[in-house]
Amino acid sequence: MKVLLAEDEKSIALTLGDELEAAHHEVVHKADGLAALDAALNEHFDVVISDIRMPNLDGEQLLARLKEARPDLPVVLMTGFGTMESVIKAMRLGAYDYLQKPFDTREAILILERLAKVQELQRKCDSLQRELEDKYRFENIIGASPKMQSVYSLIRAAATNDFPVLITGETGTGKELVAHAIHVNSARRKAELVKVSCHNFPETLLESELFGHEKGAFTDAKEQKIGRFERAHRGTIFIDDIDDMPPGAQAKILNVLQEKKIERLGGTRTTLVDIRIIVATKTDLMKMVNEGRFRNDLFYRLNVVPIDLPPMRERDGDIPLLIREFIRKHGAGKNYQISPQTMGELEHYGWPGNVRELEGSVQRAIALSGDTGELRREHLIRVTANTPKDHLVRADRRPLKDVLSEAERGHIMGVLKICNGKKGEAAELLGISRKNLWEKLKAFGVDAGGEDTEK
C-alpha cells in the first residue's frame, strides 16, 4: 500500500516509516499538516497515518479537509496519552482507526493488513456492481419491434422515480430482467435488489420469508430471522408471481406500501423500511380482482407504473436479433450460422415459452451442432406429437384457409347455441341447407347426429 505518513517527530516518523517499508509498504513522509494535505490532494495514496498534534494544520483539521476532498481515502490517527477525547471526536468525523502512543509498530501493520482486506472486498463489490450495471443496461434488453420500443420507454421512465411497478407478461417474457434493469439504473443501484417468488413458498412460510420472524414465533422458529423487506432497506424488492400471494399477505403488503414499516412475525416492534417495490404477474390481476381473488386496493397501489411485456409472437423482427445475442452469449466466440429458410421458420413459430424457450433452443442447437458451425432447424424447434398446432405457426401468419375455417366453425357453433341445438332453425339462420350444415359439423369433428333427426 502507498502510505502518507504525517508526523512532526522525526524519531517516530523514522521508526514507523522503516517498519512499514519492511512490511512492503511504500511510505511518503510529511512533517506538517499543510504539506500532508497538499500531497494527499495531488498524489494517489491508499491510506493516511497522521499524528493529531502537528504544526500548521493538526490531525483533526487534516481529517476534516480530506473528508471533504477525498472522502474515500482512509485516515488513521496517532494520539498521545490523555487525548482520547480527541480520538473519539476524530472517529466521529470519519477516521478509519487510531493508534495510541506509545504503540508497537506491529499494531500499525495489522491495521494496514485489515484495511487492505477491506479495500480488496470493496474493489470486488465495485467490480460486481459495474458488471451488474453493464449486464442490465437498457441497451442490453434486445428488441427493435414497436412493442419493445414502448417497453424501453417505460423502463427508462420507471428508473427515474420510486413509484411501485407492476410488470405483466406470459412466462418467459423477461419480467425479472426488466426488474433488474429498473433497479440498476435507478438511484437505489448501490443497495440490494432482493427477489422473492410467491410461487416458491407455501402460504404458511411466505409471510415469514417477507417480514421475518422472532425466535419462538412458531414451532420451527428456533432463531430470529430477517425478512426480505428488511434486507431490501434502501434498495428494491422484486416480488414475482404476486398472483399466488394469499389474502393475509396481501393485506400486509398493502400496509407496507402505505406506512413504509413492517413487523416481524411474533414481534411487537415496528421497523421502518425505505424500499422500492416492483411486482410481476403472469396472469390478469384485474380479472382476479373482479373474481374476488386479489385485493382491489392493493392492485391500484401496485399498478402505478404498469409495464406489459409482449409475448415472442408479437415481437415482429426481434427473433434474428435475439438469436444473434444468444449465439454471442453461449457460442464461446464461434460464429454459428442459420440458413435463411430455418430463420424464416423460426420467425413463423409461435414460441409458447417466449424468450426463455428461444434462448434454450439456441443453447441446444449449439450443443448439438458438432463441428459444422450450423444451427439446424430440428435442433432449434422441437416438435412432438403433443405440440399444439397453433404453436407450430404464429397465429398472425397462419394460412387463410385455416383462419377462415376457424371463424366459420366459431360462427356456426354460436348460432347453434342461440337455437338451442336445433339444426333446422340454425341452418335457416345461416342461410344454408340442413344437409350442408350436417356436413360442416361432421368436418369440424362435432357430433352432428343424423341428417333428419329433427321433425
query = Thinking of region 400-443 as a set of Cα atoms, what percent of all their pairs are more than 16 Å apart?
reply = 30 percent
ask   = Taking H as built 1.01 Å from N, whose amide H comes closer than 5 Å to the amide H of Ala221, not counting residues under 5 places away?
value = Gly216
key: FRET efficiency estimate (nearest 0.05) - Cβ-Cβ, Ala367 to Asp46, R0 45 angstrom   = 0.45
key: Spin-label proximity, His24 to region 96-118 - amide N less than 19 Å from point 7 Å beyond Cα toward beta carbon   = 106-118
key: Packing-based ranking, highest mean first, of 325-331, 278-284, 192-198 given that Cβ atoms within 10 Å are counted   = 278-284, 192-198, 325-331
key: Percent of Cα pairs exceeding the 23 Å cut-off, where the set is region 208-316   = 36 percent
ask   = Roughly how many debye, to the nearest 20, is the charge dipole of the chain about its Cα centre, given +1 on each Lys and Arg Cβ, -1 on each Asp and Glu Cβ, and no other charges?
value = 1560 debye
query = Suppose R0 equals 60 Å; then what is the FRET efficiency for Lys334 and Phe103 from their Cβ-Cβ distance, rounded to the nearest 0.05?
reply = 0.50
inquiry  = Check which residues have an amide H placed less than 5 Å from Ile167's amide H, if you skip close sequence neighbours.
reply    = Val279, Ala280, Thr281, Ile307
Kirkwood Rh, Cα atoms: Rg over Rh of region 2-126 = 0.93
ask   = Quick one: Debye curve from the C-alpha atoms of region 1-62, no solvent, what's log10 I(q)/I(0) at q = 0.27, 0.28 Å⁻¹?
value = -1.14, -1.20
task = Determine one quarter of the surface area of the Cα convex hull of region 140-308, which equals its mean projected area, and express it in nm² to one decimal.
result = 10.1 nm²
query = Residue by residue through region 22-37, which ³J(HN,Hα) values in whole Hz follow from phi under the Karplus form 6.51 cos²θ - 1.76 cosθ + 1.60 (θ = phi - 60°), with glycine and proline marked x?
reply = 5, 8, 6, 9, 8, 10, 10, 9, 10, 8, 9, x, 5, 5, 5, 4
inquiry  = For a quick check: with amide H placed at 1.01 Å from N, whose amide H comes under 5 Å from Arg276's, ignoring anything fewer than 5 positions away on the same chain?
reply    = Gly235, Thr236, Ile237
request  = Could you work out how far apart the two model spin labels at Lys89 and Ser405 are, taking each label as a point 7 Å from the Cα in the direction of the beta carbon, and quote it in nm?
outcome  = 9.1 nm
query = Could you give me the ³J(HN,Hα) list for region 351-357, computed from phi with Karplus coefficients 6.51, -1.76, 1.60 and θ = phi - 60°, whole Hz, x at Gly and Pro?
reply = 6, x, x, 6, 4, 4, 5
request  = Divide, for the chain, the radius of gyration over alpha carbons by 2.2 N^0.38 Å, where N is the residue count.
outcome  = 1.50
request  = Determine the alpha carbon to alpha carbon distance for each of Lys89/Lys124; Lys252/Lys282; Lys30/Lys117; Lys401/Lys442 and list only those over 24 Å.
outcome  = Lys89/Lys124; Lys30/Lys117
Globularity ratio of region 248-293, using Cα Rg and 2.2 N^0.38 Å = 1.42
ask   = In the neighborhood of Gly94, defined by Cβ-to-Cβ distances under 14 Å, what is the net charge if each Lys or Arg adds +1 and each Asp or Glu adds -1?
value = +1
inquiry  = Antiparallel versus total DSSP beta bridges in the chain: what percent is that, nearest 5?
reply    = 10 percent
ask   = Across region 272-282, in residue order, what do the Karplus-derived ³J(HN,Hα) couplings come to in whole Hz, using 6.51 cos²θ - 1.76 cosθ + 1.60 with θ = phi - 60° and x for Gly and Pro?
value = 6, 10, 9, 9, 10, 9, 10, 10, 9, 8, 9
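Every number here is computed from the coordinates shown, using simple stated rules; none is lab data. Quick caveat, the model's predicted, so the values are computed rather than measured. Neighbour counts are summed over all protein chains in view; Cβ atoms, including those assigned to glycine, are modelled from backbone coordinates with ideal geometry.
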